[in-house]
Amino acid sequence: AVRTVVDGVTDRCCNRRNPALQIFYVTAVAVCLALYWTHVFSLLPNPWVPAWHRFPGTLAAVASLAAFAAVCRSDPGRVTDANCAAHHAMAGEFPELWPRKVCRTCGFDRPPRSKHCSMCGFCVARHDH
């Protein structure tokens, strides 16, 4: 019974579209930033560390959240009729290294390194997610 519950939670969390990990990451960064502001800012400046050290941590956290938001909203590299030929051209001068394969789900003549993503429901070039 416990194994079934753990498998169900793992499936819902990791194998389906689910914002839980995104929410966890944003919350973790926000908590760390709040702790940084409340505990580190009051210690700066001091004899060993100048006041300008307050800002790199904040800048790094904000840059991390901005990059994360950009990645979450970007296209994962969906293979479409319009870009399939361009992906095949990237295979280089040695097509024998990349045999032609057809996606059983989409029916696309798959470019090299592409896979059908069961979570997204389409073929993704350079499948890495």
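Points to keep in mind about this one:
- Filter result for the condition that a residue is closer than 25 Å to M119 by Cα, at pLDDT 90 or above and touching a helix residue (DSSP H, G or I) at 6+ places or on another chain (Cβ under 8 Å), over F68, F24: F68
- Residue check, L35 aliphatic (A, V, I, L, M), touching a helix residue (DSSP H, G or I) at 6+ places or on another chain (Cβ under 9 Å) and assigned by TED's automatic domain parsing to the domain that holds N15: no
- Unique match (being in the same structural domain as R16 (by TED's automatic domain parsing) and on the phi < 0 side of the Ramachandran plot) among P56, P112, P99: P56
- In segment 1-40, the residues that are within 18 Å of A67 (Cβ to Cβ) and outside any helix (DSSP H, G or I): P19
- For segment 68-83, filtering for residues that are touching a strand residue (DSSP E or B) at 6+ places or on another chain (Cβ under 7 Å) and not in a loop (DSSP other than H, G, I, E, B) leaves 1.
- Of the residues making up segment 1-16, those that are of a type in the set (A, V, I, L, M, F, W, C) and under 19 Å from F122 (Cα atoms) number 1.
- Residues (surrounded by 12 or more Cβ atoms within 10 Å (Cβ to Cβ), out of contact with any Cys (no Cβ under 9 Å at 6 or more places or on another chain) and part of a strand (DSSP E or B)) located in segment 84-114: K101
- Taking first residues from segment 95-106 that are basic (K, R) and partners that are surrounded by 12 or more Cβ atoms within 10 Å (Cβ to Cβ), the Cβ contacts under 7 Å between residues at least 6 apart in sequence or on separate chains come to R100/D109; K101/R110.
The values are calculated or read from the model by the stated rules, or taken from the named source; none is laboratory data. In this text the structure is predicted, and so the values were computed from the model without any measurement. Backbone-built Cβ (ideal geometry, glycine too); neighbour counts: all protein chains shown.
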